[in-house]
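Working notes, structure below.
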Amino acid sequence: MMKMDNTTSPQAIFWFRQDLRLKDNPGLNAATQAGMVLPIYIDETPEAGQEAMGGASRVWVHHSLSSLNKSLGGNLSLYRGRAETIIKKLCETYTIKQVFWNRCYEPWRKTRDTHLKKQLTERSITATSFNGSLLWEPWTIRKPDDTPYRVFTPFYQKGCLNAPPPRIPVTALKTITLFKDTRHSIELDALGFLPGHRWQEKIITQWTISEAGAHKQLAYFMKNSLAHYKKGRDLPAKPWVSRLSPYLHFGEISVHQVWYAALAQGLMAEPFCRELGWREFSYHLLYSNPNLRTKNLQPKFDDFPWRDDPDDLAAWQQGLTGIPMVDAGMHELWATGYMHNRVRMIVGSFLVKNLRLDWRHGERWFWDCLVDADLANNSASWQWIAGCGADAAPYFRVFNPVTQAQKFDPDGVYIHTHLPELANLAPPYLFAPWDAPPQILQAAGVMLGTTYPHPIIDLKKSREEALAAFAEIKTAAP
Ligand code: FAD
């Protein structure tokens, strides 16, 4: 039951961050036990600097906050600016002595939170943080020699699965009394999360951005897709992955709820749980490598001869490379804010290996376009693709976008969905239109260079050049 009381002062602040939900929210539960709660959200853009949310994330968070505010009976107070200043001011205004939040793991947030906790403690205000978003805290999983893991399989098998099991989701709140700060809170629209242009309108039709939407998505996945997941997770045209990543990032659902819902399905959940394990691994890497977003985990890559070619980068970003599987992926990203994992690997490999453009360009573009943009997952995945990460794909593994399409999109359904200009071109030429005889292209209404681009690069030659460049650094000191 939700109550509101604006006649007396609140006892506690609960600070929503990447936990935009009411269920299984340990920090919110604890705040509620302290008494009347002032629930707040702060747009931290000015503080986040380079790591401020990208465009698609801002669209997501706008809609998620709107939904959360409704669930809170309109009592969510919103602010923009430095969290320390805002929280200290609220504590002073309302003589609040307790502040609660769930932990975030971005290095800038960690530093800031530690500082804030210290400052509040000095003012006799208790600041308490909880684990709301990871199955295992990154510092609790260590190798026998007490160093962090660098390879996924032992991290997951020996580390996570031998550690105490993740906490059981906390039971829902029975009663919560809320306070709204009408003096300082600003309107959601004033946070300016939505861009001026119409690109976001298409994205939001793809998702139900709310806690209820996350649970609906989980229920759909458990009922219809989990049984297919082991093999089906590689087929981008099939609805056999969960599409829970943005909900997990922003916390409309907790990973604990997802983990235990999967385990309840028995053994077939194993491959899916393992992927949740990759998420844990990314956070483990970020925790021990705060510069994961910018710095090669293998220093020998620091001298890699990346090309500098703004035109090729723009063609990749816009899905105009002339390689259908790559372009389809980049169009999916732009239209939906999401890209299937198999295709993320294909477009990523094409950028860093065939085009030989620095992986950080890819990381930045994904950061801006993905609704699930996540500092740990995105940085670790790009380092993995580039071969410079801790547990990286071997440098000589270059995904061939033509054979990948033949294998994982054999009927061309995924490509046709995202590249309607090739709708009448059937496999096998759909995968490599440059090899199609002129009469086939003509019958399909495809004019290379006019209705669809010529390939910007020769796949075979660029692969060989990449291998030669990678071979040069292979022998360099690690
Ligand atoms: P499912 O297959 O249903 O998996 C369930 C959950 O497990 C996901 O929601 C995600 O939280 C986690 N997960 C699955 N695969 C991975 C993985 N390889 N690494 C880490 N966690 C994983 N994931 C993000 O959440 N944010 C990102 O910014 C991101 N950037 C990526 C960039 C590149 C170049 C690549 C190759 C992968 C990236 N991933 C990222 C990982 C992965 O592609 C997505 O998590 C997945 O596609 C999300 O779809 P899903 O929820 O349907 O996944």
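The values are calculated or read from the model by the stated rules, or taken from the named source; none is laboratory data. What you are looking at is a predicted structure, and each value in this text was computed from that prediction instead of being measured. Every residue, glycine among them, receives a Cβ derived from its backbone with ideal geometry; neighbour counts consider all protein chains shown. When the accessible area is computed, the model is the full protein with side chains, heavy atoms only, and any ligands, DNA or RNA have been set aside. Shrake-Rupley method; radii C 1.70, N 1.55, O 1.52, S 1.80 Å.
Considering only the stretch 352-374, how many residues are surrounded by fewer than 22 Cβ atoms within 10 Å (Cβ to Cβ) and over 26 Å from Q18 (Cα atoms)?
So the count comes out to 3.
Among the numbered conditions (1) more than 13 Å from the ligand (Cβ to nearest atom); (2) hydroxyl-bearing (S, T, Y); (3) not in a loop (DSSP other than H, G, I, E, B), tell me where Y395 comes up short.
Condition not satisfied by Y395: (3).
In the stretch 327-339, what residues are in a loop (DSSP other than H, G, I, E, B) and either under 13 Å from L313 (Cα atoms) or near the ligand (Cβ under 9 Å from one of its atoms) (or both)?
Scanning the stretch 327-339 gives Y338, M339.
Yes or no, residue by residue, for (1) within 9 Å of the ligand (Cβ to nearest atom); (2) surrounded by 21 or more Cβ atoms within 10 Å (Cβ to Cβ):
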position	(1), (2)
D309	no, no
A314	no, no
L320	no, no
N341	yes, no
F350	no, yes
A376	yes, yes
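For G251, are the conditions met, namely being closer than 16 Å to Y414 by Cα and either within 12 Å of the ligand (Cβ to nearest atom) or under 17 Å from the mean Cα position of the chain (by Cα) (or both)?
Judged against the criteria, G251 is not a match.
Any idea how many residues of the stretch 356-376 are within 24 Å of K202 (Cβ to Cβ) and basic (K, R)?
1
Only residues that are part of a loop (DSSP other than H, G, I, E, B), open to solvent by 20 Å² or more (accessible area, probe 1.4 Å) and either within 10 Å of the ligand (Cβ to nearest atom) or in contact with a strand residue (DSSP E or B) (Cβ under 8 Å, 6 or more places away or on another chain) (or both): list them for the stretch 205-248, please.
Answer for the stretch 205-248, where residues must be part of a loop (DSSP other than H, G, I, E, B), open to solvent by 20 Å² or more (accessible area, probe 1.4 Å) and either within 10 Å of the ligand (Cβ to nearest atom) or in contact with a strand residue (DSSP E or B) (Cβ under 8 Å, 6 or more places away or on another chain) (or both): R233, D234, P239, W240, V241, R243.
Using the structure shown, decide if I168 is closer than 20 Å to Y247 by Cα, open to solvent by 40 Å² or more (accessible area, probe 1.4 Å) and not in a loop (DSSP other than H, G, I, E, B).
Answer is no for this residue.
Filter the stretch 57-89 down to residues that are of a type in the set (A, V, I, L, M, F, W, C), more than 16 Å from E201 (Cα to Cα) and either open to solvent by 30 Å² or more (accessible area, probe 1.4 Å) or outside any loop (DSSP other than H, G, I, E, B) (or both), then give me how many there are.
Count: 6.
How do the pairs read when you match residues in the stretch 43-72 that are closer than 26 Å to E363 by Cβ and of a type in the set (S, T, N, Q) with residues anywhere that are open to solvent by 30 Å² or more (accessible area, probe 1.4 Å) and assigned to a loop (DSSP other than H, G, I, E, B), using Cβ under 9 Å and keeping only pairs 6 or more apart or on different chains?
Sorted first by the residue in the stretch 43-72, then by its partner, the pairs are T45/M53; T45/G192; Q50/T294.
Check L425, L430, L459 and return the single one that is open to solvent by less than 40 Å² (accessible area, probe 1.4 Å), under 20 Å from E332 (Cβ atoms) and in contact (Cβ under 8 Å) with a residue 40 or more places away in the chain.
L430
List the residue pairs whose Cβ atoms are under 8 Å apart, where the first residue sits in the stretch 269-296 and is aromatic (F, W, Y), the second is outside any helix (DSSP H, G or I) and more than 9 Å from the ligand (Cβ to nearest atom), and the two are 6 or more positions apart or on different chains.
Going by the 8 Å Cβ cut-off, the qualifying pairs are F281/Y149; F281/D391; Y283/Y105; Y283/L134; Y287/Y105; Y287/P148.
Taking the condition touching a Pro at 6+ places or on another chain (Cβ under 7 Å), more than 10 Å from the ligand (Cβ to nearest atom) and either open to solvent by 10 Å² or more (accessible area, probe 1.4 Å) or at positive phi (or both), does G387 pass?
Taking the combined requirement at face value, the residue satisfies it.
List, please: which pairs have Cβ atoms under 6 Å, are six or more places apart or on different chains, and start with a residue in the stretch 224-253 that is touching a residue at least 40 places away in the same chain (Cβ under 8 Å) and under 22 Å from Q406 (Cβ atoms) and end with one that is more than 10 Å from the ligand (Cβ to nearest atom) and in a helix (DSSP H, G or I)?
These pairs meet every condition: D234/F408; L235/F408; P236/Y414; A237/V413; A237/Y414.
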